[in-house]
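Q: So that we are looking at the same thing, I have put the structure below in structure tokens.
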Amino acid sequence: MNKKKSVLVAAIFISAVLAKSSNAQQLYREKHRPQVHFSPKEKWTNDPNGMVYHNGIYHLFFQYYPGSTIWGPMHWGHATSTDLVHWQEQPIALYPDSLGYIFSGSAVVDKNNTSGFGKNGQVPLVAIFTHHDPKGEKEGRNNFQHQSIAYSLDNGKTWTKYAGNPVLKNPGITDFRDPKVMWYEPQKKWVMTLATKDHITFYSSPDLKNWTKESEFGKELGAHGGVWECPDLFTLNDHGKQVWVLIVNLNPGGPNGGSATQYFLGAFDGKQFTPFDTTTKWLDYGPDEYAGISWANTGNRKVFLGWMSNWQYANVVPTETWRNAMTIPRELKLKRIGKEMYVASEPVAELNKIRSKPVTLQNIPVKNSFDVVAKTGKVSLPARVDLNLEQLRGFSILLSNDAGEEVVIGYDEQQQQYFIDRTKSGKTDFHKDFAGRHVAPRLTSSGKLDCSLIIDVSSLELFADGGLTVMTETFFPTEPFKHIRIQSPGNTTIKKLTISSFRSIW
């Protein structure tokens, strides 16, 4: 190749790379597109699926319909990350087939090759998912959902469906889905936690192919405003002891309407789950966290992720080329308040790598109102705000724009409730249940208060009292929010205020 030609080829290559980068930048700068949350490049997404960590890579599969921005025949989309922050979308992992759509499920690292799928020392990843037969559903049958498996020998890049699918046939239950599978070491077996209409059914298997029913849980316990979905079962550490956590997503019937995530704490012996108490606890009180589950194979660390929407309005939110996103990943830990035990959630520490240098103010007197941006300098969304009060007082944080739109986040001292009000947040008329004021209880009686806000361009996540109370909300302003103001009746002193912006993950 002569010199002129090689220069031309190099120029064409550089031009193509720049064009691709420019297109990506334009794509991820669409109106309302989250900048620190995962969303697919285009089209519809809902539940996170198959979350597994292997060989330094976090795999996130997700319910995906590549044909539209509204729900349709489900596939498993796929994205990968090495840091839980930056995501690379991969080719679709699982497509619908003759057995039906590919509904929600999980994935495991079969390091002992119990399935026999591994070859030449390769460790198989095995996905366990629900096959949903739309024809059977249309005909009114009660056995149109079954559990099937697929495996990968190249770290999740390509998948082969098992020829013997389904591996767990439906016994005649209309809602028989969302298998979450884990290895139960004491008895050297796999345990499947399955959503079965209004309760949970546990199954076990030596090889991921042959399953035996173990027990049922929850017909008379917990919230039952809607169908139970997307369960999870794992342990968290309580001062050296392992406590079992059973997550059950519910739709509808959440504390603020529509979809939500409840959980139970108890003991599990490989066969039965026995709860410590009958209290209904919620992992997130906001309207926009659902179908949340944890990553498999992360050792002692438990990282949780949810779908950032609500089935009440997910199909009609005002985005154009894509629809819906995931929450930020959250680390789960147990916390005790008196005799009660709770699961607390906190933003993963990895988010700090995209934070600007924090601006910190201390001992701030708030007489009715305090302009955060004016006092800390220009802060643009996405951002993180951390607030500490030495004395418990009611307060509110206003996010607003020059169009007069606002989201109000705060604490009501009289009601002992946190709240988020998106009534005037911008575009809300796409569904009658979107605009509103949502509340969550304060679970500690401490005289001090702390809260962290992760604010993206179209969502916020509130983590109060060390993550004991969590709320997730989406919103769709007509122009970006750029003002942050703290208000409090009377005189309040903010012990410490820290604020920083996030760089886009795209």
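The values are calculated or read from the model by the stated rules, or taken from the named source; none is laboratory data. This one's a predicted model, so the numbers in the text were calculated from it and none came from an experiment. We place every Cβ from the backbone using ideal geometry, glycine too, and count neighbours over all the protein chains shown.
Q: Can you tell me which residues in segment 45-68 are surrounded by 18 or more Cβ atoms within 10 Å (Cβ to Cβ) and either outside the structural domain of T327 (by TED's automatic domain parsing) or not aromatic (F, W, Y) (or both)?
A: If the condition is that a residue be surrounded by 18 or more Cβ atoms within 10 Å (Cβ to Cβ) and either outside the structural domain of T327 (by TED's automatic domain parsing) or not aromatic (F, W, Y) (or both), then T45, N46, D47, P48, N49, G50, M51, V52, H54, H59, L60, Q63 are the ones that fit.
Q: Please work out which residue is surrounded by the fewest Cβ atoms within 10 Å (Cβ to Cβ), limiting yourself to segment 175-223 and to residues that are assigned to a strand (DSSP E or B) and of a type in the set (D, E).
A: Residues of segment 175-223 assigned to a strand (DSSP E or B): 176-184, 189-196, 199-205, 212-217.
Checking which are of a type in the set (D, E) leaves us with 178, 214, 216.
Values: D178: 28, E214: 17, E216: 14.
Top of the filtered list is E216.
Q: Restricted to segment 265-293, and to residues that are acidic (D, E) and surrounded by 20 or more Cβ atoms within 10 Å (Cβ to Cβ), which residue is farthest from E340 (Cα to Cα)?
A: For segment 265-293, the residue satisfying everything is D288.
Q: Follow-up. Within the group T201, T196, T174, T114, which residue is of a type in the set (S, T, N, Q), farther than 18 Å from N55 by Cα, touching a Phe, Trp or Tyr at 6+ places or on another chain (Cβ under 6 Å) and touching a residue at least 12 places away in the same chain (Cβ under 8 Å)?
A: Details: T201 fails: touching a Phe, Trp or Tyr at 6+ places or on another chain (Cβ under 6 Å); T174 fails: touching a Phe, Trp or Tyr at 6+ places or on another chain (Cβ under 6 Å); T114 fails: touching a Phe, Trp or Tyr at 6+ places or on another chain (Cβ under 6 Å).
The unique qualifying residue is T196.
Q: I want to confirm something. Restricting to segment 453-479 and keeping residues that are of a type in the set (G, A, S) and within 20 Å of K427 (Cβ to Cβ), which single residue is surrounded by the most Cβ atoms within 10 Å (Cβ to Cβ)?
A: Selected residue: S458.
Q: Then there's this: Would you say S425 is farther than 24 Å from R355 by Cβ, modelled with pLDDT under 95 and either buried (at least 22 other Cβ atoms within 10 Å of the Cβ) or among the small types (G, A, S) (or both)?
A: Answer is no for this residue.
Q: When you go through (1) in a loop (DSSP other than H, G, I, E, B); (2) out of contact with any His (no Cβ under 8 Å at 6 or more places or on another chain); (3) under 28 Å from I200 (Cβ atoms) one by one for G156, which number turns out not to apply?
A: (2)
Q: Give segment 249-261 a look and list any residue that's assigned to a strand (DSSP E or B) and surrounded by fewer than 23 Cβ atoms within 10 Å (Cβ to Cβ), or say none.
A: Hit for segment 249-261 is N251, nothing else.
Q: Considering I328, I420, which residue is surrounded by 19 or more Cβ atoms within 10 Å (Cβ to Cβ) and in a loop (DSSP other than H, G, I, E, B)?
A: The match here is I328.
Q: Same structure, new question: Restricting attention to segment 297-309, which residues are surrounded by 23 or more Cβ atoms within 10 Å (Cβ to Cβ) and either in contact with a helix residue (DSSP H, G or I) (Cβ under 6 Å, 6 or more places away or on another chain) or assigned to a strand (DSSP E or B) (or both)? Walk me through how you get there before you give the answer.
A: Of all residues in segment 297-309, those surrounded by 23 or more Cβ atoms within 10 Å (Cβ to Cβ) come to 304-309.
Matches in segment 297-309: F304, L305, G306, W307.
Q: On to the next question. In segment 50-101, how many are farther than 20 Å from N155 by Cα and either in contact (Cβ under 8 Å) with a residue 40 or more places away in the chain or not in a loop (DSSP other than H, G, I, E, B) (or both)?
A: Counting residues in segment 50-101 that are farther than 20 Å from N155 by Cα and either in contact (Cβ under 8 Å) with a residue 40 or more places away in the chain or not in a loop (DSSP other than H, G, I, E, B) (or both) gives 11.
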